[in-house]
Amino acid sequence: MKIIPYSRQWVDSSDIREVIKVLKSDWLTQGPKIKEFEDALCKYTGVKYAVAVSSGTAALHISCLAADIKRGDEVITSPITFVASANSILYCGGTPVFADIQKDTVNIDTEEIKKKINPNTKVIIPVHFAGQPCNMSDIKKIAKENRLYVIEDAAHAIGSRYSDGSTVGNCRYSDMTIFSFHPVKTITTGEGGAITTNDKMLYEKLIMLRSHGITKNQMLLTKNPGPWYYEIQMLGFNYRITDIQAALGLSQLSKLDCFVKRRREIVSEYNKAFSDISWIRVPFEEKNVYSAFHLYTALIDFEKLGLSRPQVMEKLKNNGIGTQVHYIPVYTQPYYKNNFNYKDGLCPIAEEYYKYALSLPLHPSMGKKQVNYVISVVKALNNN
Ligand SMILES: *Cc1c(COP(=O)(O)O)cnc(C)c1O
């Protein structure tokens, strides 16, 4: 049986044509498509600068470096996120500090952020869970009062809008915003990611960090003996994206608004169908925000339903429906517990949320028939 996965890409013939054009061109990497993709991201989000990189994780890593996170620095983030948000802090020698979530939005709670701030705090990394923007005006205020950097993890939120109606990624409330273009995300480049910023200094730093720490920018060189000359001014990486990927990204970006519209239609179909079921709580969307809905994470009262989560996942899988749990609280992972002494109970609301979460299939290529099929199978779960 073909499984309807919890998420997947939608690549069509126009995407494929754009990729083939690059394959036939002179530049497979470090060519013009990358800048074109970056310019398109700037235009879409309304930001000044964009740096496309090899993954969302690479984007997080070099953002943390650009924010100068070092040993001894504390970085506040959400426990309900993909591990990359916190791992990036560790890559730089910093200490992740987990602030509990808000029960309804599943986003980091600004009151909890305030409680975690001390003289070692350097950065806040809010994560826009499932596409719903965090309360960024409060986060910006807290950051300003305490002189902290803000890096938005918007891996779920390309195409989302804040409560002021502006587009996520415009960095109105932050120093940098990162995106991921993994195939489960809203648009894809295979693997890929990007950072947006309005700060020219951060931009120059990110460009260097993406490619070994090398610069050829005459404004930045300490001397200039000739056209061959370049300098390594910091320790960077090879986190470059290819032109092949950038071409796919450009083509996908032109369809982003349609993808989001279709995602939101499916969400409202699900919400309508599940709203009268006592053992399902549908995802909460705050007034005034516009979520791109990377995920449809239902909260299921497994006890009331009379089935455990593994039993539900198994039953759905046997009916061709893929599901996933987003996410296991990061600090409960063995690596985190063993090396950093995080204790169970650190973020009680996150731990409680984790007991109920189950993401159902949501991707724009799902047709009406597939959506109705998922609804009917889920509704029939309690007919045992
Ligand atoms: C997917 C994801 C990332 C990492 O992106 P990759 O492109 O897979 O490296 C980071 N943060 C969050 C919240 C994500 O969902």
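For Pro79, the conditions (1) without any contact (Cβ under 8 Å) to a residue 60 or more places away in the chain; (2) touching a Leu at 6+ places or on another chain (Cβ under 8 Å); (3) part of a loop (DSSP other than H, G, I, E, B) all hold with the exception of (1).
Condition check ((1) open to solvent by 10 Å² or more (accessible area, probe 1.4 Å); (2) more than 14 Å from the ligand (Cβ to nearest atom); (3) outside the structural domain of Leu202 (by TED's automatic domain parsing)) across all residues:
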| residue | (1), (2), (3) |
| --- | --- |
| Ala58 | no, no, no |
| Ser63 | no, no, no |
| Ala66 | no, yes, no |
| Pro79 | no, no, no |
| Val83 | yes, no, no |
| Ile101 | no, no, no |
| Thr105 | no, yes, no |
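Determine which member of the set Ser180, Ser166 is in contact with a Lys or Arg (Cβ under 7 Å, 6 or more places away or on another chain), under 27 Å from Pro364 (Cβ atoms) and not assigned by TED's automatic domain parsing to the domain that holds Tyr327. Step through it out loud before you land on a result.
On the way: Ser180 fails: in contact with a Lys or Arg (Cβ under 7 Å, 6 or more places away or on another chain).
Selected residue: Ser166, the only one of Ser180, Ser166 that is in contact with a Lys or Arg (Cβ under 7 Å, 6 or more places away or on another chain), under 27 Å from Pro364 (Cβ atoms) and not assigned by TED's automatic domain parsing to the domain that holds Tyr327.
Within the group Phe293, Phe302, which residue is among the hydrophobic types (A, V, I, L, M, F, W, C) and touching a residue at least 60 places away in the same chain (Cβ under 8 Å)? Give the steps one after another, and end with the answer.
Values: Phe302 fails: touching a residue at least 60 places away in the same chain (Cβ under 8 Å).
Answer to the check: Phe293.
When Trp228 is tested against (1) closer than 30 Å to Gly306 by Cα; (2) surrounded by fewer than 19 Cβ atoms within 10 Å (Cβ to Cβ), just one condition goes unmet, and that condition is (1).
Restricting the search to segment 44-56, which residues are surrounded by fewer than 24 Cβ atoms within 10 Å (Cβ to Cβ), more than 13 Å from the chain's Cα centre (by Cα) and within 12 Å of the ligand (Cβ to nearest atom)? Spell out how you get there, then give the answer.
Initial filter on segment 44-56 (surrounded by fewer than 24 Cβ atoms within 10 Å (Cβ to Cβ)): 44-49, 54-55.
With the extra rule that they be more than 13 Å from the chain's Cα centre (by Cα), the set shrinks to 44-49, 54.
Hit for segment 44-56 is Ser54, nothing else.
Do we find a residue being hydrophobic (A, V, I, L, M, F, W, C) and free of Cβ contacts under 8 Å to residues at least 24 places away in the same chain anywhere in segment 357-371? Checking segment 357-371: not a single residue is hydrophobic (A, V, I, L, M, F, W, C) and free of Cβ contacts under 8 Å to residues at least 24 places away in the same chain. In segment 127-141, the count of residues that are of a type in the set (Val, Ile, Thr) and open to solvent by 10 Å² or more (accessible area, probe 1.4 Å) is zero. For the criterion of being more than 12 Å from the ligand (Cβ to nearest atom), open to solvent by less than 20 Å² (accessible area, probe 1.4 Å) and more than 18 Å from the chain's Cα centre (by Cα), Gly94 passes.
Every condition in (1) more than 15 Å from Ala154 (Cα to Cα); (2) in contact (Cβ under 8 Å) with a residue 40 or more places away in the chain is met by Lys24 except one, and the failing one is (2). In the set Ile280, Ile328, only one residue is open to solvent by 70 Å² or more (accessible area, probe 1.4 Å), among the aliphatic types (A, V, I, L, M) and at pLDDT 95 or above; that residue is Ile328.
Can you find a residue that is farther than 20 Å from Lys103 by Cα and within 16 Å of the ligand (Cβ to nearest atom) anywhere in segment 326-334?
Among the residues of segment 326-334, at least one is farther than 20 Å from Lys103 by Cα and within 16 Å of the ligand (Cβ to nearest atom), which makes the answer yes.
Filter segment 283-302 for residues that are on the phi < 0 side of the Ramachandran plot and open to solvent by 10 Å² or more (accessible area, probe 1.4 Å) and give the result. Full working, then the answer.
The initial filter retains those residues of segment 283-302 that are on the phi < 0 side of the Ramachandran plot, namely 283-287, 289-292, 294-302.
Of everything in segment 283-302, those that are on the phi < 0 side of the Ramachandran plot and open to solvent by 10 Å² or more (accessible area, probe 1.4 Å) turn out to be Pro283, Phe284, Glu285, Glu286, Lys287, Val289, Tyr290, Thr297, Leu299, Asp301, Phe302.
For beta carbons closer than 7 Å, sequence separation of 6+ or different chains, a first residue in segment 84-99 that is closer than 15 Å to Ile62 by Cβ and a second that is aliphatic (A, V, I, L, M) and more than 15 Å from the ligand (Cβ to nearest atom), the qualifying pairs are Ile89/Ile69; Cys92/Leu65; Cys92/Ile69; Gly94/Ile69.
The values are calculated or read from the model by the stated rules, or taken from the named source; none is laboratory data. These numbers were taken from a predicted model, which means no experiment stands behind them. Glycine gets a Cβ as well: all are built from the backbone with ideal geometry, and neighbour counts include every protein chain shown. Areas reflect the complete protein model, heavy atoms only, side chains present, ligands, DNA and RNA absent. Shrake-Rupley method; radii C 1.70, N 1.55, O 1.52, S 1.80 Å.
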